[in-house]
Amino acid sequence: MGKRMVWFLFILMFFLHQDFWWWDHSFLILGFLPIGLAYHGIFSIACAILGWAAVRFAWPEELEKFAESSDQSK
Amino acid sequence: MTTLIVIACYLCLLLTLGFFSNRLFRGTSKDYFVASHSIGPFLLLMSVFGTTMTAFALVGSTGKSFERGIGTYGLMASISGLVHAGIFFLIGIRLWAFGKKYGYITQIQFFRDRFDSDKLGYFLFPILVLLVVPYLLIGIIGAGKTIEPVTAGAFPTFFTNPSAPPWLGGIPPWLTGLVVCLVVLSYVFMGGSRGAAFANTFQTIVFMVMGVVAFIFIINALGGIENAGKIPARITDQSAIVQDYRYDKKQASIVANEPPRVIGKVLSSESDDVVNQQPHFWRETTQVEFKKKNPKTGELSFFERELGYSFITFVTYLFIPLSVGMFPHLFQHWLTAKSAKSFRLTVIAHPLCIMVVWVPCVLVGAWASGVLPPGIPPPAVLSAMLNLLVGDPILIGLLTAGVLAAIMSSLDSQFLCLGTIFTNDIVVHRAGKKRYTDKQIISIARIFIICIVTLTYFLAMLAKDANVFDLAIWCFSGFSALFPLVFAALYWKRATKQGAIASIAAAVLSWLYYFHLSGYGGEYLVGPGIVPAAICFAAASVAMVVVSLVTDPPSPQTVAKFFPENNSKS
């Protein structure tokens with residue numbers, strides 16, 4: 001997995017967020033969570049996994065080095 | 001009274017923390033404003049999360065879910081998990097890097113340098129203040145709305161004019177607002193950004209833990225998790241909206257209403273199949289009419305409400321969380337980070353923290369539709385549920401302290417940030433760095449913070465009945481409209497000073513236009529349900545691109561300074 005895959009997943013998540021397919025459903029998951037809420041709860045967990053992937057595979061090392069380098073050019 | 005004592009103890013604890021952070025204060029302006037870039041991953045996560053979650057998250061989300069249902073979570077929370085984390089990664093780390101490298105303390109310093117324009121700072125300063133103030137107001141209003149119901153009866157002879165008759169003797173919003181402002185002011189005054197980071201961390205832990213505890217107690221009071229799912233208001237085959245249950249305080253349990261209590265009726269719905277549906281558990285738009293009893297005269301009246309969200313509103317709401325990219329107080333928190341690595345935990349855990357706080361609040365709001373009168377003010381729903389379902393005053397005090405924690409963990413950063421930008425971007429910038437000593441700079445910031453706290457307090461008293469959620473959305477919309485500015489500054493070499501000014505002007509003018517149409521803070525959607533933030537964002541983006549392309553590009557020195565990747569490649 002590289003930066004491109006992380007970017008692809010990031011954009012894909014915006015589409016997955018628009019869950020029109022559950023719009024008029026109110027059945028409960030585990031007996032208490034309406035599906036519209038359960039789906040978005042899982043979506044939040046997926047966001048955290050994507051965050052981990054971004055940190056693991058697309059971390060801006062060069063920016064970190066740039067900030068830590070000593071030549072102040074202000 | 002016990003509840004009040006618990007809340008007072010919590011506030012004292014917070015003040016103690018303020019004294020403690022003051023002992024760690026190094027006495028320099030850099031330490032006061034950005035904690036000498038010393039904040040590690042956990043403190044950064046807690047302070048960033050605590051800052052972004054305010055009365056809006058706890059009081060506002062519960063109230064909005066009570067009004068419109070569980071779609072509130074997808075509308076604001078889950079999309080924020082994605083967008084906020086993306087912004088921390090793409091904007092936050094980059095801004096931190098420039099701040100660390102070039103010594104910036106405020107956003108305006110960065111923009112002035114990036115666009116090589118002094119005037120840009122003077123143009124942006126009043127706009128940032130204008131947009132942060134409503135954010136401050138929602139904290140103070142939210143605190144007032146929360147404390148009054150839970151302290152009802154504490155001082156019946158002192159406070160004889162409550163917001164609603166059942167809250168007679170409760171601490172009035174003006175007094176809560178005053179105390180909250182003074183406590184926040186004290187620890188920000190003493191500890192600066194380090195004090196705010198410590199206090200935020202402590203308060204974020206408190207409100208997350210207390211949120212979970214409140215949730216568990218509410219579930220127990222509703223007869224268990226599965227029974228809670230049956231509680232929300234239901235639509236009958238006669239299109240009436242009924243409450244099948246009520247909470248009996250004597251029995252301390254949920255009992256069935258025989259027959260179900262009619263609280264309103266369905267006027268129209270997007271769905272054909274509404275019979276036996278719990279409209280707060282889906283997102284189809286349903287127009288309803290509720291009954292409301294005037295608590296003072298007992299007179300019945302009717303009001304209309306739309307449950308659910310239209311799909312176009314849901315989609316365009318994704319522009320609202322972009323606001324975090326331009327929050328000046330968040331910029332300041334980013335700059336406190338010890339290293340870029342400090343951001344890693346925030347990027348990963350922020351969506352989970354949002355989930356832990358928002359899912360219970362949204363569920364409680366939906367459940368409240370089945371046991372509370374529909375006419376109750378939305379910001380009072382959370383405390384009304386605590387008061388109704390959780391009998392123990394000590395526990396109510398602790399849970400209310402959790403709500404206050406969420407509110408104050410945002411107020412502190414915002415007060416500090418306004419003091420910081422005024423001192424650095426206006427006073428010191430005009431007079432020159434050598435004009436003032438470090439001690440004088442800190443004093444100027446503190447004096448300005450006192451002025452802003454005072455002004456905000458009086459404005460909050462004037463707007464005390466505003467809807468916390470709607471006011472927050474207007475504040476976020478303004479910052480979202482400014483997002484193209486920071487994105488272009490960081491990622492588009494061709495972005496020019498003129499493009500930046502045009503973008504800011506387009507953002508502010510379009511925002512003011514819609515804010516005026518909304519009646520200054522009400523809920524307002526354009527056309528088929530588009531949120532104004534989407535249009536303001538588009539206007540600001542177009543202005544940035546068009547004006548930048550027709551004006552002279554930035555100097556090669558500016559490009560080299562702010563696009564270091566290019567330098568390393570060439």
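The values are calculated or read from the model by the stated rules, or taken from the named source; none is laboratory data. Please read all numbers here as calculations on a predicted model, not as lab measurements. Note that we place each Cβ from the backbone using ideal geometry, even for glycine, and neighbour counts take in every protein chain shown. Heads up: the accessible areas ignore ligands, DNA and RNA and are worked out on the full protein's heavy atoms, side chains in. Shrake-Rupley method; radii C 1.70, N 1.55, O 1.52, S 1.80 Å.
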For A:Lys3, counting only aspartates and glutamates whose alpha-carbon sits under 16 Å away and dropping same-chain residues fewer than eight positions off, the answer is A:Glu61, A:Glu62, B:Glu565
So, with points 7 Å from each Cα along the Cβ direction, the B:Asp273-B:Thr297 label distance in nm works out to 4.4
Given unit charges at Cβ for Lys, Arg (+) and Asp, Glu (-), the dipole magnitude of segment B:212-269 about its Cα centre in debye, nearest 20, is 180
For chain B, longest principal axis from Cα atoms; helix B:393-421 axis from its Cα atoms; angle between them, nearest 10 degrees, is 20
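In the calculated pair distance distribution of chain A, what percentage of Cα-Cα distances lie above 16 Å?
Working: 1716 of 2701 pairs.
Counting every Cα pair in chain A, those more than 16 Å apart make up 64 percent.
Quick check for me: using +1 on Lys/Arg Cβ and -1 on Asp/Glu Cβ, what's the dipole size of the protein assembly as shown about its Cα centre, in debye to the nearest 20? Mind dumping the intermediate values first?
Numbers: 46 positive and 35 negative charges, 427 e Å.
Here the protein assembly as shown has a charge dipole of around 2040 debye.
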For segment B:144-155, in residue order, the Karplus 3J(HN,Hα) values (coefficients 6.51, -1.76, 1.60; θ = phi - 60°; whole Hz; Gly and Pro = x) are x, 5, 7, 6, 4, x, 7, 10, 3, x, 5, 9
The long-range amide H neighbours of A:Ile29, using H built 1.01 Å from N in the peptide plane and a cut-off of under 5 Å, are A:Ile35
Taking Cα atoms, the helix B:438-462 axis meets the longest principal axis of chain B at an angle in degrees (rounded to 10) of 30
Binned at 10 Å starting from 0, the alpha-carbon pair-distance distribution of segment B:230-307 in whole percents comes out as 18, 45, 31, 7, 0
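Add -39500 (n - 2.57) for each DSSP H run of 4 or more in chain B, then divide by its residues: what number comes out at 222 nm, to the nearest 500 deg cm²/dmol? Write out the running numbers ahead of the final one.
On the way: 22 runs with 340 residues, N = 570.
My calculation for chain B gives -19500 deg cm²/dmol from helical runs alone.
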Counting other chain Cβ atoms within 10 Å of each Cβ in B:348-361 and taking the mean gives 4
Segment B:414-442 and segment B:328-342 have their Cα centres apart by a whole-number Å value of 19
Taking placed amide H atoms and a strict 5 Å upper bound, the residues 5 or more places from B:Ser253 or on another chain that come that close are B:Asp248
Using alpha carbon centers only, segment B:91-132 is separated from segment B:485-543 by a whole-angstrom value of 18
Looking only at lysines whose Cα falls under 30 Å of B:Lys119's and that sit 8 or more positions away or on another chain, we get A:Lys74, B:Lys30, B:Lys100, B:Lys101, B:Lys433, B:Lys434, B:Lys439, B:Lys493, B:Lys497, B:Lys561
For segment B:227-241, Karplus-derived ³J(HN,Hα) couplings (6.51, -1.76, 1.60; θ = phi - 60°; whole Hz; x for glycine and proline) come out as 5, 4, x, 8, 6, x, 3, 10, 9, 8, 5, 8, 6, 7, 9
With the 1.4 Å probe rolled over protein heavy atoms, chain A has an accessible area per residue in Å² of 56
For the protein assembly as shown, percent of DSSP beta bridges that are antiparallel (nearest 5) comes out at 95
In degrees, nearest 10, the alpha-carbon axis of helix B:532-550 is tilted away from the dominant principal axis of the alpha carbons of chain B by 10
To the nearest 20 debye, chain B has a Cα-centred charge dipole, built from +1 on Lys and Arg Cβ and -1 on Asp and Glu Cβ, of 2060
Filtering chain A for DSSP H helices with an axial alpha carbon extent of at least 18 Å and a Kyte-Doolittle mean of at least 1.0 returns A:3-17, A:35-57
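Quick one: which of B:539-546, B:418-425, B:297-304 comes out on top by average Cβ neighbours within 10 Å, and what's the full order, highest first? List each step's numbers first, then the result.
Working: B:539-546: 20.8, B:418-425: 25.2, B:297-304: 9.6.
Put in order of decreasing packing, that is B:418-425, B:539-546, B:297-304.
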The ³J(HN,Hα) series, computed from each phi in segment B:189-199 with the Karplus coefficients 6.51, -1.76 and 1.60 at θ = phi - 60°, rounded to the nearest Hz and given as x for glycine or proline, is 4, 6, x, x, 6, 5, x, 5, 5, 5, 4
If amide H atoms are modeled at 1.01 Å from N in the peptide plane, then the residues at a separation of 5 or more from B:Ile263, or on another chain, having amide H under 5 Å from its own are B:Ile241, B:Val242, B:Gln243
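Using only protein heavy atoms and a 1.4 angstrom probe, determine the accessible area buried between A and B, summed over both sides, in Å² to the nearest 100.
Working: alone 6510 and 22190 Å², together 24150 Å².
Adding both sides of the contact gives about 4600 Å².
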Whole-Å distance linking the alpha carbon centroid of segment B:377-402 with that of segment B:49-89 is 20
For A:Trp7, A:Trp59, A:Trp22, the accessible-area ranking with a 1.4 Å probe, largest leading, is A:Trp7, A:Trp22, A:Trp59
Scaled by the rule-of-thumb 2.2 N^0.38 Å, the alpha carbon Rg for segment B:1-136 gives a ratio of 1.33
Here the gain from full extension of B:Leu182 to B:Thr437, 0.36 nm per residue of separation minus their alpha-carbon distance, amounts to 89.1 nm
